[in-house]
Amino acid sequence: MEDKLIIGGIEFKSRLWVGTGKYKDFEETANALEASGTDVVTVAVRRVNIVDRNSPNLLDYVDPKKYKILPNTAGCYNVEDALRYARLAREAGISDLVKLEVIGDEKTLFPDVCGLLEATEILAKEGFIVLPYTSDDPITARRLVDAGAAAVMPLGAPIGSGLGLRNPYNIKIILETIDLPIIVDAGVGTASDATRAMELGCDAVLINTGIAGAEFPLMMAEAMKYGVLAGRYAYKAGRIPKKLYATASSPIEGML
């Protein structure tokens, strides 16, 4: 069954995208990426060196020929900083892709949606393929589409919380009202969370802490791989409708 994920004219093989923060070292990062089967790696430009080849560099362990590098603006609390780091990554030849984050406050790490909309519009006009990290508000998601986003990345729960999808109903509304790829980002704590997101019809899941913070990250990376695959296959297969009462598995019509 042909089931391609294409964003901004780029084809992605994996629907599990993996972050690179919180691992004990670059070697563990590389091993977890391999175990996950991903081909998309997101990197915080502000926190992890990917632009200075004369210093210890993540790209010495993560081959850009094997993985699509998705720079992100994590840690940016205003539009100016987010624009600066997105442009820095592109000027370094990393990618036109950017996972855009404009964070509202340090305690909740919820997005500043006003700043996010402004930055999305600016970067889209500059030719970036913008993937904004946003709240699970369907109205904001729709406005991000109008601002030029190439995909929308609503949170499942607060960053690093591991709470899973706290409001699957809003995610479902976003899926029904937006004709762009939807990638759940933040809050996935275990494989069943990833499966649930994919069963709703999301196009991909981005996971960092759920893998890096596990007791055995490599094992969890593989579990997430299968969770995403199971959820996608179940969604494409079409589940049976839910019923209040039983229905016999074996029909009795026509039997003597």
Could you list, in sequence order, the residues of the range 10-27 that are surrounded by fewer than 15 Cβ atoms within 10 Å (Cβ to Cβ), touching a residue at least 12 places away in the same chain (Cβ under 8 Å) and not in a loop (DSSP other than H, G, I, E, B)?
I10, E27
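Residues are listed down the side, and each one gets a yes or a no for (1) under 22 Å from N208 (Cβ atoms); (2) of a type outside the set (D, E, K, R); (3) more than 18 Å from the chain's Cα centre (by Cα):
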| site | (1), (2), (3) |
| --- | --- |
| Y85 | yes, yes, yes |
| I94 | yes, yes, yes |
| A119 | yes, yes, yes |
| G127 | no, yes, yes |
| V130 | yes, yes, no |
What number of residues in the range 208-221 are surrounded by fewer than 18 Cβ atoms within 10 Å (Cβ to Cβ) and either touching a residue at least 12 places away in the same chain (Cβ under 8 Å) or not aromatic (F, W, Y) (or both)?
4
Since A246 meets every condition but one in (1) more than 14 Å from the chain's Cα centre (by Cα); (2) open to solvent by less than 70 Å² (accessible area, probe 1.4 Å), which condition does it not meet?
(2)
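What helices (runs of 4 or more DSSP H) completely inside the range 111-218 contain at least 1 residues that are closer than 19 Å to A74 by Cβ?
Of the helices (runs of 4 or more DSSP H) lying wholly inside the range 111-218, those with at least 1 residues that are closer than 19 Å to A74 by Cβ span 113-125, 138-147, 209-212.
Okay, residues lined up against (1) of a type in the set (A, V, I, L, M, F, W, C); (2) modelled with pLDDT of 95 or more:
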position	(1), (2)
L88	yes, no
E106	no, no
F110	yes, no
E118	no, yes
E121	no, yes
P138	no, yes
R142	no, yes
D146	no, yes
Would you call T38 crowded, with 19+ Cβ neighbours inside 10 Å, assigned to a loop (DSSP other than H, G, I, E, B) and modelled with pLDDT of 90 or more?
yes
Within the range 125-134, identify whether any single residue is in contact with a Ser or Thr (Cβ under 8 Å, 6 or more places away or on another chain) and at pLDDT below 95, and answer yes or no.
no
In the range 100-111, what residues are open to solvent by 40 Å² or more (accessible area, probe 1.4 Å) and under 18 Å from the mean Cα position of the chain (by Cα)?
L109, F110
Can you pull out every residue in the range 176-207 that is under 21 Å from V130 (Cβ atoms) and open to solvent by 40 Å² or more (accessible area, probe 1.4 Å)?
T177, D179, L180
Restricting attention to the range 235-253, does a residue exist that is in contact with a Pro (Cβ under 7 Å, 6 or more places away or on another chain) and part of a helix (DSSP H, G or I)?
no
Would you confirm, using the coordinates I've provided, whether G148 is open to solvent by less than 20 Å² (accessible area, probe 1.4 Å) and either in contact with an Asp or Glu (Cβ under 8 Å, 6 or more places away or on another chain) or more than 27 Å from L33 (Cβ to Cβ) (or both)?
no
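The values are calculated or read from the model by the stated rules, or taken from the named source; none is laboratory data. Just so it is clear, the structure is predicted and the values come from calculations on it, not from any experiment. Because the Cβ atoms are built from the backbone with ideal geometry, glycine has one as well, and the counts that use them run over all protein chains shown. For the accessible areas, the whole protein counts, side chains as well, though only heavy atoms, and no ligand, DNA or RNA atoms are used. Shrake-Rupley method; radii C 1.70, N 1.55, O 1.52, S 1.80 Å.
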